[in-house]
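Asks: First, the structure itself, so that you have it in front of you.
The values are calculated or read from the model by the stated rules, or taken from the named source; none is laboratory data. This one's a predicted model, so the numbers in the text were calculated from it and none came from an experiment. Here the Cβ positions follow ideal geometry from the backbone for every residue, glycine too, while neighbour counts run over all protein chains shown. All accessible areas refer to the heavy atoms of the entire protein, side chains included, with ligands and DNA or RNA removed. Shrake-Rupley method; radii C 1.70, N 1.55, O 1.52, S 1.80 Å.
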Amino acid sequence: MGIISRLFLPNQYVKSIYEIDFDKLKERNIKGVITDLDNTLVGWDEADPTPGVEAWFKGLSDHNIKVTIVSNNNEARVKSFSKNLDVDYIFKARKPLGKSLIKATKQMGLNKDEVVIIGDQMLTDVFGGNHNGLYTIMVVPVKNSDGFATKLNRMIERRLLNYFKRKGYINWEE
């Protein structure tokens, strides 16, 4: 596998956060989750967690898995969303740069091999996680609409996905 694959290919790909098996995370010795917010947990234009997202966070808590929301969005957006979930958060994270991911890992008191990052973007979440030695899970975006910068990322992602399919590195459907 080449450098492109090592940096951009997620360790796991699921349709949504709800397909993530908490018991399997525990088997991998995962004790912490860094999760993206927009289009990973809810649509980028949804202000509050859905009941399903609230239940998902409770499930993580019930499995003694710590969670930090790490988002490139602004403080008002991330703080407002996180407050009812009672989880730590980092805003304006500048993913894929690793500073925020390292900070989240340290805040949870964990080592990078005990943390998974979950997100919907290959160029920010997966690349940032892989580059910093985290286990990466990519989810299908909750919504098909994106802001301008994300639309550019998605065009590049499609090319990378096609490359990975041609090479036989992935077997999932978009």
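Asks: Give all pairs with beta carbons closer than 7 Å in which a residue from the stretch 72-88 that is open to solvent by less than 40 Å² (accessible area, probe 1.4 Å) meets a residue that is of a type in the set (D, E, K, R); count only pairs at least 6 apart in sequence or on separate chains.
Replies: If the second residue must be of a type in the set (D, E, K, R), the pairs left are PHE81/ASP48; LEU85/GLU54.
Asks: Same structure, new question: Across the stretch 77-91, which residue is farthest from GLU54 (Cα to Cα) among those that are among the β-branched types (Val, Ile, Thr) and touching a Ser or Thr at 6+ places or on another chain (Cβ under 6 Å)?
Replies: Among residues in the stretch 77-91 that are among the β-branched types (Val, Ile, Thr) and touching a Ser or Thr at 6+ places or on another chain (Cβ under 6 Å), the one farthest from GLU54 (Cα to Cα) is ILE90.
Asks: Among the candidates GLY52, GLY2, which residue alone is farther than 26 Å from ARG159 by Cα, among the small types (Gly, Ala, Ser) and either open to solvent by less than 40 Å² (accessible area, probe 1.4 Å) or in contact with a strand residue (DSSP E or B) (Cβ under 8 Å, 6 or more places away or on another chain) (or both)?
Replies: GLY52
Asks: What are the residues in the stretch 5-40 that are in a helix (DSSP H, G or I) and open to solvent by 70 Å² or more (accessible area, probe 1.4 Å), if any?
Replies: Correct list: ARG6, TYR18, GLU19, ASP23, LYS24, LYS26, GLU27.
Asks: Restricting to the stretch 39-71, and then to whatever is hydroxyl-bearing (Ser, Thr, Tyr) and in contact (Cβ under 8 Å) with a residue 40 or more places away in the chain, can you tell me which residue is nearest to VAL142 (Cα to Cα)?
Replies: Selected residue: THR40.
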